[in-house]
Amino acid sequence: MAVRNNMKLSLSAIPFYWAKEKVIHFYEQIAPSAVDDIYLGETVCAKRNELSLEDWLAIGKNLQAAGKQVYLSSLALVCANSDYKLIERVCNAGITVEANDMSAVALLARMQVPFVIGSSINIYNHLSLSVLLDKGLTRWVPPVEMSGQQIKETLLELDKTQQARPEVEVFSYGWLPLAFSARCFSSRAKGVQKDNCQRNCLDDPEGLSVQTREKDQLFTLNGIQTLSGKKCNLLPLINTLADVGVDIVRVSPQLEGTLEVINAAQQALNGRFDSTETLSNLAEDECNGYWYGEPGLIVTG
C-alpha cells in the first residue's frame, strides 16, 4: 500500500551540542540525502555558541543550493535578555523560522511573515491553531505527547471553522523533546554552576543517560533539556500518519546513523511499510506509546 505522494521528510535542528567541525561535516553528508526540509540553529541553550548565526546561514545557503528547503529554529526557553536578542536576530535573518517560544511568535506576527510552530509550544486544540493561523502560522509541529487521534480530531474541528489547515509535521524518529528547565542538568551532574559551565555538555554529544534502579533507560539529559530515554519510532506507521492528516515526517539528528534513519523513512514514504504491519520490529531502545495515547516509553499497536 503506497503512501500519498506529497508527504515530505524533514530533519529537525540538532538538539545536542557538537563541535563546529562535526556540525559542518554532518550537513555535508545530509546535503545529498532524501530529506526535503532541514531546520538549523540552536534550540536549547544560547551558550552553545560553537556556531554563530552567520555560520548557520552559511550552512543553510549550501543546503539550499543542494535543493533543500531551509528553516531557522529559535530557542525554546528564554532565560535572559541576551536569549531574546538572539531570537530577534533569528527572526530577522530572512529565512522562515520555526518558533519554539511565544516570544518568537510575537515577533514574527508583528513582522507579518509566515512561521512554523515547533513542538515545544503547547498547541493542543483547534481554537489555538485558529488564532495562530491568523497571525501567520503555516506549519504546525504538534507537541510530542499528542496522540494521533488527538491530532486528527483537532484538524477536523479546525475544518469546521473553514480555515485552511496548516501543514502538519509530526516528530517520527529520535529522542523525544520532553521538557526544558532554567536549571542546567548537565552542569549540576558535573558539579559546576550554570553560569560557569564551561560548556561541558560539549563532552556529551548525545546527552547524559538517566536510568532507573532496574537499569532501564528513562531519560536523556541535554543541558537544560530533558529528552526521552528511548527513541520514538513511528516509521512503521507511515500510512496511519497520512490517514491522520500528517504532511511531513520529522527525523531528529543523532551522532551516528542519521543517514540510515533517513533512508528508512524514505523507504516508508515509498510504501515499504503499510498500516497493517505489526511493530514487533521496533528495537529495544525504541517506543511509540504517545501516538496511541499511552505512556510514551512503551511500545503498543
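The values are calculated or read from the model by the stated rules, or taken from the named source; none is laboratory data. Predicted, not measured: the structure shown is a model, and the values here were computed from it. We place every Cβ from the backbone using ideal geometry, glycine too, and count neighbours over all the protein chains shown. Calculation scope for accessible area: heavy atoms of the full protein, side chains included, ligands and nucleic acids excluded. Shrake-Rupley method; radii C 1.70, N 1.55, O 1.52, S 1.80 Å.
Quickly work out the Ser130-to-Gln29 label distance, labels modelled 7 Å from Cα along the C-beta direction, and quote it in nm with one decimal. Each label point lies 7 Å from its Cα, and together they span 4.6 nm.
Please report the base-10 log of the normalised intensity I(q)/I(0) for the stretch 111-199, using a Debye sum with one equal scatterer per alpha carbon and no solvent, at each q in 0.10, 0.25 (1/Å). For the requested q values the scattering log ratios are -0.38, -1.23. Shape annotation for the stretch 124-166: C-alpha extents along the principal axes are 25, 18, 13 Å, from largest to smallest. For the stretch 94-140, the C-alpha radius of gyration divided by 2.2 N^0.38 Å, with N the number of residues, is 1.00.
Taking amide H atoms as placed 1.01 Å from N in the peptide plane, the amide H of Lys8 lies under 5 Å from those of Ile248, Val249, each 5 or more residues away in sequence or on another chain. The heavy atoms of Asp134 present about 120 square angstrom of accessible area, all protein chains included, probe 1.4 Å. Taking each of Lys61/Lys152; Lys160/Lys231; Lys8/Lys231 in turn, the alpha-carbon distance tops 27 angstrom for Lys61/Lys152; Lys160/Lys231. Divide the volume of the convex hull around the Cα atoms of the chain by the residue count and you get 127 Å³ per residue. Using only alpha-carbon positions in the stretch 162-270, the gyration tensor eigenvalues give semi-axes of 32, 17, 13 Å once each is multiplied by 5 and square-rooted (largest first).
The sum of -39500 (n - 2.57) across all DSSP H runs of n ≥ 4, divided by the residue count of the chain, sets its helix-only mean residue ellipticity at 222 nm to -9000 deg cm²/dmol. Surface analysis of the chain yields an accessible area of 46 Å² per residue, using protein heavy atoms and a 1.4 Å probe.
Excluding residues on the same chain fewer than 8 positions from Lys20, give the aspartates and glutamates whose Cα lies under 18 Å from its Cα. Leaving aside aspartates and glutamates fewer than 8 places away in the same chain, those within reach of Lys20 are Glu28, Glu42, Glu50, Glu54, Asp55, Asp203, Asp204, Glu206, Glu256.
As a length-normalised measure over Cα pairs under 8 Å and 6 or more apart, the relative contact order of the chain settles at 21 percent. Cross-link partners of Lys215 among aspartates and glutamates, defined as those whose alpha carbon lies under 16 angstrom from its own and excluding same-chain residues fewer than eight positions apart: Glu284, Asp285, Glu286. The portion of the accessible surface of the chain made up by carbon and sulfur, rounded to a whole percent, is 48 (1.4 Å probe; DNA, RNA and ligands excluded).
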